[in-house]
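> Let me begin by handing over the structure; questions about it come next.
Values in this text are rule-based calculations from the coordinates and carry no lab data. Treat the numbers as computed from the prediction; the structure is a model and nothing was measured. Here the Cβ is made from the backbone with ideal geometry for all residues, glycine too, and neighbour counts use every protein chain on show.
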DNA sequence: TTGCATTTTTGACATCGGTCAACGTCGGGG
DNA sequence: CCCCGACGTTGACCGATGTCAAAAATGCAA
């Protein structure tokens, strides 16, 4: 029995749509790997040696300047594809934010397999186009929104993304959730400093828009206010 | 004779790699269209009705907030593909920056054709992955660079992109070029105001890093200094 | 439980870039 | 050739956000 049979993202990841024989041969190429929170999987500017599907957990994609400034340029959730196929180097580092489980492939093997399986390439194309859309809307946030708009947008996005990954049914955005980010990571995602993030969180709490039961927990009390703030 | 035979981007656009018969059928689906500077081709949030290859000219991809703030989220040069295949709505508006010539297809026709031609989908995938890389490195600029770093990075990128599209040989980055952007558009690209852009240009001129013979012309006098400033 | 390292919050202050307003310059059309 | 409107530059000022420092909270481990 291939491990794909028990894979929880089997029907959402790019492997969906492959027939049994294809799945067996893809399965033979890849292997499961556990990554602990904080552990890197791919390094920026390194040769692109591996690609992967996220099975469980959340990972960040980052780029850094020489002097150590960091920008989170993407976040990968279960069923997302990570790594840079068909390219020599990867343009971002990938680091686990939570303990995670991924299904990794050598890039060369994956490239070859993908080129022989148009349906897989199509899935990857759809995913990449959707990711590009998301990335572009994040550019608007980074370039044109102020701190409170950024935080509001971020919380709304979190409440949607985290609902999707925890519930199988479409139960709508989560009212309460646990952030997979530290304050510093929120800052790196929004192009702010940790102090500004902290002050904006405090302000939302004081204004009764959210509750913050613990460092990572968020409860949205007034979604309408958040929507208005997000602009 | 199909118009593809005389297409100047024939060997660089996603159509490269198609055989003669495929090219004829693609050609029958599409049509040439001229777009004058400032003219929109695709509207944000509209149904995605058409996609296109850029033959000549430069176009901007933008997203806007309700209150009129604009962020340029991409720039399309000759041989680039624009529009949102395999999706219901397009996440960005496309507007010509210069007079341009494009090869447009109905999205439905294109989607169908693409699904039947894996080689074309593969080209589109490679292009989309490369665009995602570029977009992510622009996120670092928007989120973490200051005004002078943004301007320096922008000028270096222009000198590379504009060299590519004007010279067939790889002559390296252009020392002198004509910006396809107004000052306001540069601001919209970098997440700045027009005043800050203007002041930074003036500073670079006063520091002897660039010459600005006219509004749109730029000559890079000291590339090393720009590289250092870009961070 | 206590102690300690880490993360987060808070405060005081500095500064970069935005805002508003005036002026200058360019270039196309009459 | 000149005028006019659009575009760009410059200056004065302001405020949002960054910086630096210290205190507080958290949570892990002994």
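> Averaged across B:25-36, how many Cβ atoms of other chains sit within 10 Å of each residue's Cβ atom? Walk me through the numbers on the way to the answer.
On the way: counts 0, 0, 0, 0, 0, 0, 0, 0, 0, 0, 0, 0.
Mean inter-chain Cβ contacts per residue within 10 Å come to 0.
> To the nearest 10 degrees, how steep is helix B:194-206 against the longest Cα principal axis of chain B, on a 0 to 90 scale?
For helix B:194-206, the angle is close to 60 degrees.
> Could you check the simple spin-label distance between residue B:193 and residue B:8, using points 7 Å along Cα→Cβ, in nm with one decimal?
So the label points at residue B:193 and residue B:8 sit 3.9 nm apart.
> I'd like to know how chain A sits against the 2.2 N^0.38 Å rule of thumb: what's its Cα Rg over that expected value? Intermediate values should be presented prior to the final figure.
Values: Rg = 18.6 Å, N = 231, 2.2 N^0.38 = 17.4 Å.
Expressed relative to 2.2 N^0.38 Å, the Cα Rg reads 1.07.
> Right, another one. With the crude spin-label approximation of a point 7 Å out along Cα→Cβ, what separation in nm comes out for residue A:66 versus residue B:25?
Taking the two extended label points, one gets 5.3 nm.
> Order A:89-96, B:121-128, B:32-39, B:175-182 from most to least packed using the mean count of other Cβ atoms within 10 Å.
Numbers: A:89-96: 21.8, B:121-128: 20.1, B:32-39: 13.6, B:175-182: 17.1.
Sorting A:89-96, B:121-128, B:32-39, B:175-182 by mean packing, highest first, produces A:89-96, B:121-128, B:175-182, B:32-39.
> Angle, helix B:118-144 long axis vs. longest principal axis of chain B, Cα atoms, 0 to 90°, nearest 10?
The angle comes out near 20 degrees.
> Roughly how many whole Å is it from the C-alpha centroid of region A:66-127 to that of region B:60-130?
Cα centroid to Cα centroid, the span is 22 Å.
> Over all directions, how big on average is the projection of the convex hull of the alpha-carbon atoms in region B:6-139, in square nanometres? Display every interim value, and only then the final one.
Numbers: hull surface 31.9 nm².
About 8.0 nm², averaged over all directions.
> Calculate I(q)/I(0) for the protein assembly as shown by the Debye formula, one identical point scatterer on each C-alpha and no solvent, and give its log10 at q = 0.08, 0.10, 0.13 Å⁻¹ to two decimals.
-0.50, -0.80, -1.35
> In percent, how large is the relative contact order of chain B, given Cα pairs closer than 8 Å and 6 or more residues apart?
Details: 377 pairs, mean separation 42.4, N = 231.
Worked out over chain B, it gives 18 percent.
> Another one. Whole angstrom only: what separates the Cα centroid of region A:139-159 from the Cα centroid of region B:131-152?
One Cα centre to the other: 17 Å.
> I need the inter-copy label distances for residue A:17: point set 7 Å along Cα to C-beta, values in nm with one decimal, smallest first.
1.7
> Tilt of helix A:107-116 relative to the longest C-alpha principal axis of chain A, in degrees (0 to 90, nearest 10)?
For helix A:107-116, the angle is close to 70 degrees.
> Which peptide among A:40-46, B:109-115, B:140-146 comes first, and what is the full order, when sorted by highest mean count of other Cβ atoms within 10 Å?
Numbers: A:40-46: 15.1, B:109-115: 17.4, B:140-146: 21.6.
Top to bottom by mean Cβ count within 10 Å: B:140-146, B:109-115, A:40-46.
> Between copies, how far does the label point of residue B:65 sit from its twins, in nm, shortest first, when each point is 7 Å from Cα along Cα→Cβ?
Taking the point 7 Å beyond Cα along Cα→Cβ, the inter-copy spacings are 2.3 nm.
> Between copies, how far apart are the residue B:224 label points? List them in nm, one decimal, shortest first, with each point 7 Å from Cα toward Cβ, please?
6.3
> Now a separate question. Report the rotationally averaged projected area of region B:146-230 based on its alpha-carbon convex hull, in square nanometres. Walk me through the numbers on the way to the answer.
On the way: hull surface 20.1 nm².
Seen from a random direction, the Cα hull of region B:146-230 projects 5.0 nm² on average.
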